[in-house]
Amino acid sequence: MNDHSISGSGTLPGGDQYGKISVSGSGKLLGSVRCEALTVSGACRAEGSADCAQNFSVSGSFRADGGVSARAFSVSGACRVGEGVRAETVKVSGTLRSGGDVQAGTVKISGSLHADGNVRASELSGSGAFRVGGGVEAETVKLSGVMHVGGLLNAEKIDLRPGGDSEVTEIGGTEITILPWGESMQTLRSILEAVGGVFGVKPSRMKADTVEGDTLELDALDAKVVRGRKIFVHAGCRIDRVEYAETLDVEEGAVIGEQIPT
């Protein structure tokens, strides 16, 4: 397998087995490629898919009509994939836009991830902007920032810290924590609520149709239905109906329409 480098402006035919491909200028991949590794620090456009046996790394700009598969997938620049992303590890400190699913063992975000499909991982964590058109399935989820999930977010352990107006249609898990981003947010929320009418500033909130789990600690949440065995509701919640099997603790200031023991 031969290594190839594009440092000026050039093209690379698709359909061949390559070694390491490096693009530090302006490059175009003419069709789908298979390679050991693909590194982009310039600008690269792929007319098909990229199948990397080892690493896929973008610190510049990359756009593919197809999908990308790799052992380790890393983006610190801007990456747009027409289809899905499949890797053992996905790290995003720049921006990633996937037209399909994102599937990985671990997904770590410190930038922006937008997937039109689903996200499946053993571990999903990070902060920044997270938007998924479908659902999210993982063993553990720990996210802070702005979150939008069009379907079900399902994991054994879920820790969500909205840092802006966020919305997840359904949340399901064993242990669920939804709290404002930052330990000082409790005090900050009360200040923002006091001055919001003057400055138009609104505190961060999470909106959901249903939240269902075993043990739940909730704050800054607007929900239609919450179900669980042990539920603690902080003052910042507005919930239409709460169904609980064992205990329900509600702080003064929380708004709950119905409290139903099951």
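Just so it is clear, none of the values below were taken in a lab; they were calculated from the coordinates. The model shown is predicted, which means the values in this text are computed figures rather than measured ones. Because the Cβ atoms are built from the backbone with ideal geometry, glycine has one as well, and the counts that use them run over all protein chains shown.
Summary table below
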{"quantity": "Integer Hz, Karplus 6.51/-1.76/1.60 couplings in order for segment 228-243, x for Gly and Pro", "calculated": "x, 8, 10, 10, 10, 10, 7, 5, x, 9, 10, 10, 5, 8, 10, 10"}
{"quantity": "Fraction in percent of alpha-carbon pairs per bin - 5 Å, the chain", "calculated": "1, 6, 13, 17, 14, 12, 10, 8, 7, 5, 4, 3, 1, 0"}
{"quantity": "Relative contact order (percent, whole number), the chain, Cα cutoff 8 Å, 6+ residue spacing", "calculated": "7"}
{"quantity": "Cut-off 11 Å between beta-carbons: net charge of the residues surrounding LEU152, Lys and Arg +1, Asp and Glu -1", "calculated": "-4"}
{"quantity": "Environment charge of ILE109, counting only residues whose C-beta is closer than 12 Å and scoring Lys/Arg +1, Asp/Glu -1", "calculated": "+3"}
{"quantity": "Length released on extending from THR247 to THR215, taking residue separation times 0.36 nm less the Cα-Cα span", "calculated": "10.6 nm"}
{"quantity": "Lysines whose Cα lies under 24 Å from that of LYS157, excluding same-chain neighbours fewer than 8 positions away", "calculated": "LYS91, LYS108, LYS142, LYS207, LYS224, LYS230"}
{"quantity": "Kirkwood Rh and Cα Rg combined as Rg/Rh, segment 1-83", "calculated": "0.90"}
{"quantity": "Expected 222 nm ellipticity per residue - DSSP helices of 4 or more, -39500 (n - 2.57), all of the chain, to 500", "calculated": "-2000 deg cm²/dmol"}
{"quantity": "Globularity index of segment 83-127, i.e. its alpha-carbon radius of gyration over 2.2 N^0.38 Å", "calculated": "0.98"}
{"quantity": "Selected from VAL250, VAL102, VAL40 as most flexible by GNM, with the chain as the system and alpha-carbon contacts under 10 Å", "calculated": "VAL250"}
